[in-house]
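Novice: First the structure, which I've put down as structure tokens, then a few questions once you've had a look.
Any read-out appearing in this document is the output of simple, stated calculations on the displayed coordinates, not a laboratory observation. All of these numbers come straight from a predicted model, not from anything done at the bench. Heads up, the Cβs are rebuilt from the backbone with ideal geometry, glycines too, and the neighbour counts pull from every protein chain shown.
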Amino acid sequence: MDLAVGPGEIHALVGENGAGKSTLIKILAGVHQAYAGEVRLLGERVDPYGASLPLSFVHQDLGLVDELSVGENVALVAGFPRQAGLIDWPRVWARAREIYLAMAVAPPDPRLPVGALSAASKAVLGIVRALARQARVVVLDEPTAALPEPDAAHLFDVLRRLRASGCSVIYVSHRLGELFGLADRVTVLRDGRRVRAAAMAEITPQQLVEDMLGRSLELHHAAHPVENHARPLLAVAALENAQAGPVSFQIGAGEIVGLVGLRGAGHEAIGRMIFGALRPRGGEIRLDGTLLPAGEDVAARIARGVALLPGDRGRESALGGMSLIENLLPSAAIGGQRSWRPLLPARERRRAQAVLDRLDVRPRDPAALIDWLSGGNQQKVFVGRWLEAKARLYVMEEPTAGIDIGAKFAIHGLLADVARGGAGILVVSSDFEEVAALCDRALVIGRARITSELRGPGLTVDNLVAHASIGAGAEAGAGASGGG
Amino acid sequence: MDEQVSTNERLADTAAARPHASGRLADLTAVYGLAVVFVLVMVVFGILRPNSFFSTMNMNAVLVGQSVTAMLALAEMVPLATRQFDLSVGFHLGMAHVLMIGLQVQQNLSWPAAAAIVLAVALLVGALNGILITRFGIDSFIATMGLGTLLYGVSNWYSGGAQITGLNLPASFANLTEVIGYIPLPAVYVAIVAVILWVVTERLPVGRALYVIGASPRAAELLGIRTKLYIGGAFVTSGLLSGIAGIMLASILGTGTPSVGPEYLLPAFASTLLGATSIHPGRVNVIGTLLAVLILAFSFSGVQQLGAAFYVQYFFNGGILIVAVGLSVYAAARRRALAAAGAGKAGAAD
């Protein structure tokens, strides 16, 4: 595997999960030892495993301590300046300010607790802290995943200034759209090898995706015709809360609609308002023509036939330490049961077994604990759980995030089946490839509103990347369409 | 073609089953561990003290004496299923038994009337715990400790800090906890409550919801489980059972002593947690809890018959609590390790 990063450049490192990005970074960080090969810094051969290099790492979870101040967080990495053995607090504050100013970023009050900063300011602090060690190369691992769009743009600004100061940046990202206009060069990894190294100007998003996947991109749609119903299954009008909206759209029975945006665009909030997990500030939701009362909670919405598959599998779906039976039939509402009607173990077992067989979950043992399953198999169980609820409208957040390609296709197939059965599906996702492959229609969310609608042949990864990026503002880096 | 498919399936099945098979033995020992320990305790002390240990008197003494602990352990189990602590059960038990005696002696109420009041107060106490935790968001550890201490104050205030002697209590009240033939009535009450709780926790969606909340409150909410209602309900149940335990204790003792109560918390707690290491490892459960109470009671009784001093009881309860939690942590780690191995193999089969 090769990677060459020039001085003063932003170098993008892309690849699918498992392509070897993390391993490469860990070798550079000295966590793993390389079997063979060498690392050269400014032409000199170095060994990251033995010596510590002027490299700094900013991981996705920034490793900041929320309870401590900005200055203290910097000092935790850079060391506390001391006077007579005691911490020299004025210098702690001064140094934090200096590093910010060196990057031409307006420093926050260094005495402010980090918990009070916005997500973007935290990410910037993560970089500031990395620079406190006089790094020549900063490695950023998916730094914008949790950032709302304007904040990401702010972070990109900081990166450009960093580049201008002669520092190199290795930028790991799944969000190809944001690389255009930001990165100078890109290295694509696949199966632990470099498959392409190119200047960003010479490559298109489609090429990048094809390099990552190792095959030409087939933008196949579940192209079953959807007749335009006089009365749509779901009609949302002027729905809004603090994070999103107002938005208006409709979903017909049997339709799979993508609600697409870069993470933080506000599309998650829309799905959650429909499910009753978030209170809307205004607007109307109609299911089958019936106006849903605004104050309804999740239980009431489930009873009306709305389901939500949460995006955060570990925290919001998994019932750790519980069996697959219990994970498939966790509550009365989902099992189609009454709260006081006895559960019959043999019947539950048969029911769970049927779902496991249909979804090809490994192991196919209903008594296995959910913790024993791989991520993809767990996700199949959680999809299966909601299929048992026999809902009419499914809100699916990132239905295949972080799972292997086989399980991904299996879940896509399931969702297509569900839609054919007459249910409506709203796929809330930041995964453009998924939306392009799965959805009949996509609503692109940018700055909390619907900025465009793509359908039919126009629904491609490229178009989604372009539209999502435009919606997020040219600054976020839409290569071809940056002027739009 | 058909044969091909079935062969593939069989391969997949065996690959998936392999980690499970190696986990089976560990599972079996985990599931029946407490039952085995219980039998061992009975056999060992039965051999060491064959005449006294199995005597009807000893059996009844243990069963009657431990029925209060067992009832309290069951009370504790319900909120623990949702991973909420109820540290008020001991204090609550004390207050309930003081009230039960006091209302008869000082207010001249009949025992059913006094019992009705005690149970009403018990429901109120449970509801208060629930409200403090779900409405005001106070950590259950703090809320129940605080409310429990308040209850302790109430029973001391009501009794003036002195023991209330129930000299003229009706025989019908003392008979509530008598031994009929070979069967001690308190054990029967515990059995009835245990059966009801078993059905609720193992066979009703309501009980499953409690465990789901315990596994992940956030996931439970997104599954349409009204977590606040369930947690509140768990504390009301815990309060009610503590009140029943108080009535039993009053009937057994025949006096109301305001200092009694807090010392019941730890054995109840220890039993519930020890019970969670077995039957459904990693999860508090009715049968495990009862087995744990019996093991603690009979082994302590056995040690006593071997001539141990009274204070050994505290070593027992404290030691068991630490060992129980240690065991469950170890069991959980072991299962995780097995799970990781299982996931690896299942992944390889994909």
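Novice: In the protein assembly as shown, what % of DSSP beta bridges are antiparallel (nearest 5)?
Specialist: Once the DSSP bridges in the protein assembly as shown are tallied, antiparallel ones form about 50 percent.
Novice: Just name one of B:Ile252, B:Val44, B:Leu176: the one whose Cα is farthest towards the positive end of the charge dipole of chain B (beta-carbon charges, Lys/Arg +1, Asp/Glu -1).
Specialist: Farthest towards the positive end: B:Val44.
Novice: Still on this structure: So which trypsin sites (Lys or Arg not before Pro) in segment A:245-299 are both in a DSSP loop and have at most 16 other Cβ atoms within 10 Å of their Cβ?
Specialist: A:Arg281
Novice: Could you tell me which trypsin sites (Lys or Arg not before Pro) in segment A:309-383 are loop residues by DSSP with no more than 14 other beta carbons within 10 angstrom of their beta carbon?
Specialist: Filter output for segment A:309-383: A:Arg338.
Novice: To the nearest 20 debye, what is the magnitude of the charge dipole of segment B:92-232 about its Cα centre, counting +1 on the Cβ of each Lys and Arg and -1 on the Cβ of each Asp and Glu? Mind dumping the intermediate values first?
Specialist: Numbers: 6 positive and 4 negative charges, 84 e Å.
Computed charge dipole of segment B:92-232: roughly 400 debye.
Novice: Taking a ≥ b ≥ c as the square roots of the Cα gyration tensor eigenvalues, with a/c under 1.5 meaning rounded and otherwise prolate when a/b beats b/c, else oblate, which class fits segment A:325-429?
Specialist: oblate
Novice: Then there is this: For chain B, take the longest principal axis of its alpha carbons; what is the angle in degrees between that and the long axis of helix B:2-48, to the nearest 10 within 0 to 90?
Specialist: 30 degrees
Novice: Let's see if you can work this out: charge +1 on each Lys and Arg Cβ, -1 on each Asp and Glu Cβ, no other charges. What is the dipole magnitude of segment A:313-369 about its Cα centre, in debye to the nearest 20?
Specialist: 160 debye
Novice: Then there is this: Output wanted: per-residue J couplings in Hz (rounded whole) for segment A:68-76, from phi through Karplus 6.51 cos²θ - 1.76 cosθ + 1.60, θ = phi - 60°, x for Gly and Pro.
Specialist: 8, 7, 4, x, 5, 5, 5, 5, 4
Novice: Over all residues in A:303-310, what is the mean tally of Cβ atoms on other chains that come within 10 Å of each residue's Cβ?
Specialist: Mean shielding count: 2.
Novice: Taking only C-alpha pairs under 8 Å that are 6+ residues apart, what is the relative contact order of chain B in percent?
Specialist: It comes to 33 percent, rounded to a whole number.
Novice: Give me the distance between the Cα centres of segment B:132-171 and segment A:396-472, rounded to whole Å.
Specialist: Answer, in whole Å: 58.
Novice: Per residue, what volume in Å³ does the Cα convex hull of segment B:248-335 take up?
Specialist: 110 Å³
Novice: As a check on your grasp of the helix formula, calculate [θ] at 222 nm for chain B: sum -39500 (n - 2.57) over DSSP H runs of n ≥ 4, divide by the residue count, round to the nearest 500.
Specialist: Roughly -27000 deg cm²/dmol at 222 nm, from the helical runs in chain B.
Novice: Of all GluC sites (Glu not before Pro) in segment A:226-317, which ones are in loop regions per DSSP and have a Cβ with at most 14 other Cβ atoms within 10 Å?
Specialist: For GluC sites (Glu not before Pro) across segment A:226-317 that sit outside H, G, I, E and B with at most 14 neighbouring Cβ atoms in 10 Å, the list reads A:Glu227.
Novice: For the protein assembly as shown, what is the convex hull (Cα atoms) projected area averaged across all directions, in square nanometres?
Specialist: Hull-based average projected area comes out at 44.5 nm².
Novice: List, in order, the whole-Hz ³J(HN,Hα) value for each residue of segment A:88-104 obtained from phi through the Karplus relation with A = 6.51, B = -1.76, C = 1.60 and θ = phi - 60°; use x for Gly and Pro.
Specialist: Using θ = phi - 60°, the values come out as 8, 4, x, 6, 4, 5, 4, 5, 4, 4, 4, 5, 4, 5, 4, 8, 6 Hz.
Novice: Moving on to the next point. Shielding of A:366-378 by partners, i.e. mean partner chain Cβ atoms within 10 Å per residue?
Specialist: Mean number of neighbouring Cβ atoms from other chains: 5.
Novice: Also, I was wondering about something else. Which of the three applies to segment B:44-172, rounded, prolate or oblate, going by the alpha-carbon gyration tensor with a ≥ b ≥ c and a/c under 1.5 meaning rounded?
Specialist: oblate
Novice: How many lysine pairs in the protein assembly as shown, separated by 8 or more positions in sequence or lying on different chains, have Cα atoms less than 28 Å apart?
Specialist: 13
Novice: Between A:Arg347 and B:Tyr182, how many nm apart are label points set 7 Å from Cα along the C-beta direction?
Specialist: It works out to 3.9 nm between the two label points.
Novice: A further question follows. Helix B:140-159 versus the longest principal axis of chain B: what is the Cα-based angle in degrees, 0 to 90, to the nearest 10?
Specialist: Orientation of helix B:140-159: about 20 degrees from the principal axis.
Novice: Step through the residues of segment B:246-255 one at a time and calculate ³J(HN,Hα) from phi using the Karplus curve (6.51 cos²θ - 1.76 cosθ + 1.60, θ = phi - 60°), rounding each to whole Hz and writing x for Gly and Pro.
Specialist: x, 5, 4, 4, 4, 5, 5, 7, x, 9
Novice: Long-range amide H contacts for A:Val427: which residues qualify at under 5 Å (H placed 1.01 Å from N, peptide plane, sequence gap of 5 or more or a different chain)?
Specialist: A:Val257, A:Gly258, A:Leu259, A:Met396
Novice: Give, as a single signed number, the net charge of other residues whose beta carbon lies under 10 Å from the beta carbon of B:Met145, with Lys and Arg counted +1 and Asp and Glu -1.
Specialist: Once positives and negatives cancel, what remains is -2.
Novice: Using only Cα atoms, tell me the angle between helix B:56-81 and the longest principal axis of chain B; keep it within 0 to 90° and round to the nearest 10.
Specialist: Once rounded, the angle reads 60 degrees.
Novice: Here's something else I'd like to know. Compute the relative contact order of segment A:156-215 as a whole-number percentage, counting only Cα pairs closer than 8 Å that sit 6 or more residues apart in sequence.
Specialist: 26 percent
Novice: If you don't mind, another one. Report the residue, chosen from B:Leu123, B:Leu294, B:Leu169, that carries the largest GNM mean-square fluctuation when chain B is represented by alpha-carbon nodes joined by springs under 10 Å.
Specialist: Answer for the Gaussian network model of chain B: B:Leu169.
Novice: Please report, in debye to the nearest 20, how large the charge dipole of the protein assembly as shown is about its Cα centre when each Lys and Arg carries +1 at its beta carbon and each Asp and Glu carries -1 there.
Specialist: Charge dipole of the protein assembly as shown: 880 debye, to the nearest 20.
Novice: Compute the distance from the alpha-carbon center of segment A:59-102 to that of segment B:277-311, in whole Å.
Specialist: Rounded to whole Å, the Cα centres lie 53 Å apart.
Novice: Full extension from B:Arg135 to B:Gln305: what is 0.36 nm times the residue separation minus their Cα-Cα distance, to one decimal in nm?
Specialist: Full extension of this stretch gives 56.3 nm more.
Novice: Please check which bits of segment B:85-120 a label hung off B:Leu167 would reach, taking the label as a point 7 Å along Cα-to-C-beta and the cut-off as backbone N under 18 Å.
Specialist: What the label zone holds, given the 18 Å backbone N cut-off, is B:101-109.
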